[in-house]
Amino acid sequence: MSLLVTAVSWTLLAVFVAIGAVCSLAVGYLYGRLARNWSGEAAARWTNVLTGATGFLAGVVTWVVGNAGLFAPGDGFVDTLVTILASAGAAIVVSGATITAILRADPDLPGVDHVPTVRRHYLRYLTVLFVFVFLLASGIVTALDGGPVGLVLLLFGLWIAAWAGSPLFSGLSSRTRRPTDDERARIDPLLERVDLSIRDVRIVEADDQYLRVEVAGAPGGRFLFVPEAALETFDDETLTALLASRREQATHFEQLLSVAPYVGSLIVVLLVLGSDSVSLVPGLVAALVVAAVGLLGTRKLRYYTDARAGAAVGAETLADAFERAAKAAGVDLEDAPGWNLFSKTPPLAERIERLREREEVENGR
């Protein structure tokens with residue numbers, strides 16, 4: 001391929017990304033206006049979906065063009081690397097336009113206290129996400145020579161690697177630091193109280209309404225991520241309850257299993273594409289069934305881990321902690337979203353209601 005073709009391709013890519021960003025600004029702004037009338041949990045959830053979807057669409061188009069060999073003269077590693085970076089870059093620009101417009105139209109979204117901080121947090125996370133996605137896509141294309149079995153093994157390997165390396169991804173997608181002596185003196189007794197074993201603690205420097213306490217990683221390499229705002233907002237009882245919830249989720253490998261429906265459905269699709277005995281339509285139906293059953297299972301798992309955590313610290317205590325966390329983050333539980341086919345977790349209001357019902361049953365005994 002000549003340098004002239006490469007130059008024209010990059011020019012057209014720039015035009016495509018610019019048009020995509022403008023369209024995303026319009027879509028994001030319209031969505032933000034509509035989201036003002038939605039519940040906080042639904043608005044936040046669909047903000048993530050829309051932001052990721054617009055960027056993913058732009059990135060896929062760029063990736064397909066890049067794999068045609070139009071972005072770099074020659075083949076091999078350089079061409080693949082350029083395609084990955086160009087695809088991730090296009091996705092980040094377009095999704096960045098989407099979240100910018102949404103925050104402009106609805107700056108009162110749950111978890112938003114300072115718009116520039118939230119936007120930076122999104123961009124850091126999206127950068128890590130899209131680089132990983134298109135690295136994975138390029139790996140799948142390379143593994144095609146090994147047939148369906150090679151692809152399945154690659155997916156399993158990346159799935160486990162992403163789970164084990166999630167503390168690294170969390171550190172890259174958020175601004176973190178080590179806890180101070182005072183913060184460590186407060187956190188360590190709470191960890192002992194709920195018997196949560198971790199490798200280390202990181203404090204997340206984010207928006208004042210970013211309150212999500214996370215435990216990431218595989219056994220022996222788990223990290224606890226605690227936002228500064230959570231330490232400032234919550235008392236020890238609330239933090240203990242939230243840590244108990246995360247301990248149960250980590251103990252039952254929920255972070256790993258929550259991705260299983262998507263990985264499983266993708267594996268089914270790949271096996272169908274590599275098989276001559278199964279047609280595409282039944283294969284896609286089977287993939288959808290696998291995804292639906294898997295998502296139902298992950299929701300059941302979340303109810304189960306909630307019940308386990310409630311048994312440890314008290315179901316009412318855990319329900320109160322969830323309510324305080326939702327209120328501090330600006331989530332309206334009274335207008336909770338309905339059934340969401342694509343969500344791997346049930347609405348928080350339903351989880352709280354189940355915990356309260358469990359407490360009533362236990363007290364009735």
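Points to keep in mind about this one:
- In segment 41-68, the residues that are farther than 30 Å from Val141 by Cα and open to solvent by 10 Å² or more (accessible area, probe 1.4 Å): Glu41, Ala42, Ala44, Arg45, Trp46
- Lone unmet requirement of (1) modelled with pLDDT under 95; (2) in contact with a helix residue (DSSP H, G or I) (Cβ under 9 Å, 6 or more places away or on another chain); (3) surrounded by 15 or more Cβ atoms within 10 Å (Cβ to Cβ) for Thr240: (1)
- The residues on offer are Val141, Val149, and the sole one that is among the hydrophobic types (A, V, I, L, M, F, W, C), exposed (fewer than 15 other Cβ atoms within 10 Å of the Cβ) and without any contact (Cβ under 8 Å) to a residue 24 or more places away in the chain is Val149.
- Positions within segment 298-337 being under 16 Å from His252 (Cβ atoms), within 22 Å of the chain's Cα centre (by Cα) and touching a residue at least 24 places away in the same chain (Cβ under 8 Å), in sequence order: Thr298, Arg299, Leu301, Arg302, Tyr303, Tyr304, Thr305, Asp306
- Scanning segment 268-278 for any residue that is buried (at least 20 other Cβ atoms within 10 Å of the Cβ) and within 17 Å of Ala325 (Cα to Cα) turns up nothing.
This table checks each residue for (1) outside the structural domain of Ser279 (by the TED database); (2) over 19 Å from the mean Cα position of the chain (by Cα).
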residue: Val152; (1), (2): yes, yes
residue: Glu183; (1), (2): no, yes
residue: Val204; (1), (2): no, no
residue: Val226; (1), (2): no, no
residue: Leu231; (1), (2): no, yes
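- Of all residues making up segment 190-209, the number that are open to solvent by 20 Å² or more (accessible area, probe 1.4 Å), within 28 Å of Val115 (Cα to Cα) and modelled with pLDDT of 90 or more: 1
- Taken together, the residues in segment 313-343 that are open to solvent by less than 80 Å² (accessible area, probe 1.4 Å) and either charged (D, E, K, R) or modelled with pLDDT under 80 (or both) amount to 13.
- Scan of segment 268-301 for residues that are at pLDDT below 85 and among the β-branched types (Val, Ile, Thr), ordered by number: Val269, Val272, Val278, Val281
- Looking across segment 210-227, just one residue is farther than 17 Å from Arg199 by Cα and surrounded by fewer than 19 Cβ atoms within 10 Å (Cβ to Cβ), and that is Arg212.
- Here is the figure for segment 1-60: residues that are of a type in the set (D, E, K, R) and either outside the structural domain of Tyr122 (by the TED database) or over 22 Å from the mean Cα position of the chain (by Cα) (or both) total 2.
Table: residues versus (1) at pLDDT 80 or above; (2) assigned by the TED database to the domain that holds Ala218; (3) open to solvent by 20 Å² or more (accessible area, probe 1.4 Å).
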position: Ala91; (1), (2), (3): yes, no, no
position: Thr98; (1), (2), (3): yes, no, no
position: Val112; (1), (2), (3): no, no, no
position: Arg124; (1), (2), (3): yes, no, yes
position: Thr127; (1), (2), (3): yes, no, yes
position: Ala161; (1), (2), (3): yes, no, yes
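- Cβ separations smaller than 6 Å between residues 6+ apart or across chains give no pair from segment 243-266 residues that are closer than 12 Å to Pro219 by Cα and open to solvent by 50 Å² or more (accessible area, probe 1.4 Å) to residues that are modelled with pLDDT of 95 or more and outside any helix (DSSP H, G or I).
The values are calculated or read from the model by the stated rules, or taken from the named source; none is laboratory data. Just so it is clear, the structure is predicted and the values come from calculations on it, not from any experiment. Here Cβ is always computed from backbone atoms with ideal geometry, including for glycine, and neighbour counts include all displayed protein chains. When the accessible area is computed, the model is the full protein with side chains, heavy atoms only, and any ligands, DNA or RNA have been set aside. Shrake-Rupley method; radii C 1.70, N 1.55, O 1.52, S 1.80 Å.
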